[in-house]
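*Asks:* Take this structure first; my questions come after.
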Amino acid sequence: MSGLISDILRNAQSLNLHARTVETAGHNLANQNDPAYARQRTAPKEASTIYTTFGLQPGGVTSWGREHARSFILDKQVVRGQGEVSYAEAQRDTRESLQVALGEEIDRKSSTASLDTIPDSDTVEGSLSKAIDEFFNAFQELSSNPGDSSAKEVLFQKSEILTTRFNVVDKRVEEVRSNLQEKVADEIEKVEDLLDKISTLNERIYKLEFRKQGLAVDMRDERQKSIEELAGLVSVEMAPINDSVIGISAKTDDGQDVLLVGLDGRVGEIFDADGQLTFDPLRGSIAGIIDSEAAIDKLKNENLDLLAQQLVTSVNAAYNDGSADNFFDADSITAGGLKLDGSLTPGGIRSSTTSFSGANDIALSISELADKKFSQNNDDLIEGTFGEFIASTAARVGQDLRTADADLETYQLAETRIQQDREQLGAVNVDEEVTDLMRYQRAFQGTSKVIGVLDQLLETVVTSLVR
């Protein structure tokens, strides 16, 4: 009778194993579309030996938990790749925003002219280049009709449009900077939250697996997903502290490792007493945004502001012979501050330094500035004409965007290859899981029948003993 009982116990353990295997296959199928999920397998092991009055009886097969189809090496490569991709995305997005802010896209429908020789018909309505063209054209019209009050009115309107266009472009560029700063602040909060989450998951995984491995595989998936999200924000390194806990570290500006999450959870603060990060982001979207500040400064300081200053000094030099006020405010020479002289009115616009009827020397001199080639070798602030300088600025911003696009594509290709390697290891195969589901369901049914037969035999034995 002891043998029957031990057989029933062994088959009951097998029944439990089959049930867990079916449950695992169903769990895999339920998460097949989750990219953060790694395939699981029920891990069998030999059960403890059963002690009976007839001696030791084998304990059969049971389960110690679930095995995880996940590679730490591949996970680590994905984490590094995520940081590179997010960095390149931030760089690309910033340059795309700067191109939109500059507003110097070229309409190619009506012409195939090169970017350095953009005809007036090809400049986009509302762009800075369009406003400059119309400003000098208005002076050209005034030179043809120096005494025409309507021509002066048109010139005054075009001048106001020009200053407004400079101000608007500068404001849009500063809005790009402001938006990036807000995004960095928001992502720093996400970094804090993710570090706390990883620390909490480490603690929970350690507690669950302290005595028995394989009980926290879903939490391991969740932790890895959080680490990869963190790597998308700042570059981090992951290293196993023990079988259950993953440490997270970054590097300082001088290349020293700084631990962010350790065996005892969060370590220190991510900000120092001066409000600066205690580590160098290196890669990730935050680093990409911070490094993009240089592109914003270059567009403002070396392009827009120089263009505005060259316009102010050149036009004022031609307009004011020392006996009158300036055309532009000489104290506002930046793109954001550009404005007309406070004393300028439509009727008071001068077309000549003389009082002779029909004289147009001022209007003609200023209109000719449209075609003047400036050179920094001659102590000018820009190279080429006003139109060429704007075109070269637009071309540089466009080239920076194309370079950022190419960098992003390169990093994405590398990340895709690593992701594919990891998917080959841990992706859920629907056909395989359905097959396992059917196989272990039948095994469950077969074992149930064996237990039923053993139960009947035990009942027969007991009944015989009673008689």
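The values are calculated or read from the model by the stated rules, or taken from the named source; none is laboratory data. Being a predicted model, the structure only gives us computed values, none of them experimental. Heads up, the Cβs are rebuilt from the backbone with ideal geometry, glycines too, and the neighbour counts pull from every protein chain shown.
*Asks:* Confirm whether Asp274 is farther than 22 Å from Ala185 by Cβ, free of Cβ contacts under 8 Å to residues at least 40 places away in the same chain and surrounded by fewer than 16 Cβ atoms within 10 Å (Cβ to Cβ).
*Replies:* Numbers: farther than 22 Å from Ala185 by Cβ: no; free of Cβ contacts under 8 Å to residues at least 40 places away in the same chain: yes; surrounded by fewer than 16 Cβ atoms within 10 Å (Cβ to Cβ): yes.
Answer is no for this residue.
*Asks:* Additional query: Among the residues of the stretch 229-247, write down those that are under 25 Å from the mean Cα position of the chain (by Cα), surrounded by 15 or more Cβ atoms within 10 Å (Cβ to Cβ) and over 16 Å from Ile188 (Cα atoms).
*Replies:* Glu237, Met238, Ile246, Gly247
*Asks:* Filter the stretch 73-105 down to the residues that are charged (D, E, K, R) and within 20 Å of Gln224 (Cα to Cα) and list them by number.
*Replies:* Across the stretch 73-105, the qualifying residues are Asp75, Lys76, Arg80, Glu84.
*Asks:* Looking only at the stretch 140-156, count how many residues are under 47 Å from the mean Cα position of the chain (by Cα) and in contact (Cβ under 8 Å) with a residue 60 or more places away in the chain. Working first, answer last.
*Replies:* As a first pass, look at the stretch 140-156 and keep what is under 47 Å from the mean Cα position of the chain (by Cα): 154-156.
Filter once more, keeping what is in contact (Cβ under 8 Å) with a residue 60 or more places away in the chain: 155-156.
Count: 2.
*Asks:* On to the next question. Criterion first (in contact with a Phe, Trp or Tyr (Cβ under 8 Å, 6 or more places away or on another chain) and modelled with pLDDT of 85 or more) does Gly81 satisfy it?
*Replies:* Details: in contact with a Phe, Trp or Tyr (Cβ under 8 Å, 6 or more places away or on another chain): yes; modelled with pLDDT of 85 or more: yes.
When the stated conditions are applied, Gly81 passes them.
*Asks:* Any chance the stretch 340-360 includes a residue that's assigned by TED's automatic domain parsing to the domain that holds Phe386, in contact with an Asp or Glu (Cβ under 9 Å, 6 or more places away or on another chain), assigned to a strand (DSSP E or B) and closer than 30 Å to Arg80 by Cβ?
*Replies:* no
*Asks:* Among what's in the stretch 397-413 and is touching a residue at least 40 places away in the same chain (Cβ under 8 Å) and among the charged types (D, E, K, R), pick the residue that is surrounded by the fewest Cβ atoms within 10 Å (Cβ to Cβ).
*Replies:* Among them, the one singled out is Asp405.
*Asks:* Any residue in the stretch 119-134 that is more than 14 Å from Ala394 (Cβ to Cβ) and assigned by TED's automatic domain parsing to the domain that holds Gly336 sitting within a Cβ distance under 6 Å of a residue that is modelled with pLDDT under 85 and crowded, with 22+ Cβ neighbours inside 10 Å? List the pairs, counting only those 6 or more apart or interchain.
*Replies:* Correct list of pairs: empty, since none qualify.
*Asks:* With the requirement that a residue be surrounded by fewer than 17 Cβ atoms within 10 Å (Cβ to Cβ), outside any loop (DSSP other than H, G, I, E, B) and in contact (Cβ under 8 Å) with a residue 12 or more places away in the chain, what does the stretch 361-383 give you?
*Replies:* Ala370, Asp371
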